[in-house]
Amino acid sequence: MKKLLILSLSLAALAQVTSCKKKWQYDESSAPKTNAIVENAFAEMANMSDQAYKGGVFVYGIGKPIYRYQDSHEVTEAEKADCNVIITIDTVGSSDTITIDWGNNNCTCQDYKQRRGKLIIAYNGPYYHQGTIIRYTPVNYYVNDIKVEGLMTVENMGLNASNQPHYNVNVNGVVTLTTGEIATYTSAQVRTFTNGYNTVLNIYDDEWDITGTANAQVVNGDGYAANTTSPLHVKVGCPYITSGVLQITPTGKSMRTIDYGQGTCDGTFTIEINGNTYTINY
């Protein structure tokens, strides 16, 4: 279960910059914030499938998870009441699937977000084994009335040259905001487990390095390209990126180089634009 739990932290690379927007006047683009919604929505999917695979949607479903298998009875309307999340396990065919169904009406979940629709998770081998590819597909899926579409794939690449587990993560996502605006997001990343892999019962010692690229576009013309030049390091016990360098280039604007420091969990980082460096305290 530890292997995918950290995915939701990756959006911090953009969220930290956007949250500091009021402290400096050099990032007028709304694309980082808008498209962080896309990555966050897909990042949550990995956590939800882990929970469903292990026996419950504890964070993302406020009701009682109801499990059924491919040959089980149809779920009744009474069972769907009170936002009981329906989890269907199907092991027939070449690809096993897990379907998480919140129903057609908004359910307020334990993370205080409202969800409706379905999430289909398909995996072509043992869930946690090297070589297994997991595909996450939302179907009529909404989070806080924002429609989420697209595909995320996570491929277990086994151990790298340093004997660290690593994963290829690719997202092609689209969200339709409550305003009607449409935002697209694509990313290709490598997530490497650097600490805590063998302490299965303790997720709080988990640490990851994240490398890769991302591109985003909003219908109003905002957009950006992002690239890591030094791995972004994240820790489960820290809400901030603790080290690494990320370059973000908003459409029509100069590149911003964000340096997250040398490993201290203090929310401090620098942004360099056109030769000028600004220190941000989150």
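Can you pull out the residues in segment 118-139 that are open to solvent by less than 10 Å² (accessible area, probe 1.4 Å) and of a type in the set (A, V, I, L, M, F, W, C)?
Answer for segment 118-139, where residues must be open to solvent by less than 10 Å² (accessible area, probe 1.4 Å) and of a type in the set (A, V, I, L, M, F, W, C): 119, 121, 134.
Name every residue in segment 105-139 that is among the hydroxyl-bearing types (Ser, Thr, Tyr) and free of Cβ contacts under 8 Å to residues at least 12 places away in the same chain, in order of residue number.
112
Quick one: in segment 214-224, which of the residues that are open to solvent by 40 Å² or more (accessible area, probe 1.4 Å) and in a strand (DSSP E or B) is farthest from residue 270 (Cα to Cα)?
217
Can you tell me which residues in segment 233-281 are of a type in the set (Ser, Thr, Tyr) and under 21 Å from the mean Cα position of the chain (by Cα)?
240, 242, 243, 260
Step by step: first the residues of segment 167-182, then only those that are under 16 Å from the mean Cα position of the chain (by Cα) and touching a residue at least 24 places away in the same chain (Cβ under 8 Å), then the one that is farthest from residue 104 (Cα to Cα). Which residue is that?
Residue satisfying both the conditions and the ranking: 167.
So which residues in segment 99-115 are within 20 Å of residue 132 (Cβ to Cβ) and surrounded by fewer than 20 Cβ atoms within 10 Å (Cβ to Cβ), if there are any at all?
99
The values are calculated or read from the model by the stated rules, or taken from the named source; none is laboratory data. Keep in mind that this is a model prediction, so the values were computed, not measured. Using ideal geometry, Cβ is built from the backbone for each residue, glycine included, and neighbour counts are taken over all protein chains shown. To get the accessible areas, we keep the full protein, side chains included, count just its heavy atoms, and leave off ligands, DNA and RNA. Shrake-Rupley method; radii C 1.70, N 1.55, O 1.52, S 1.80 Å.
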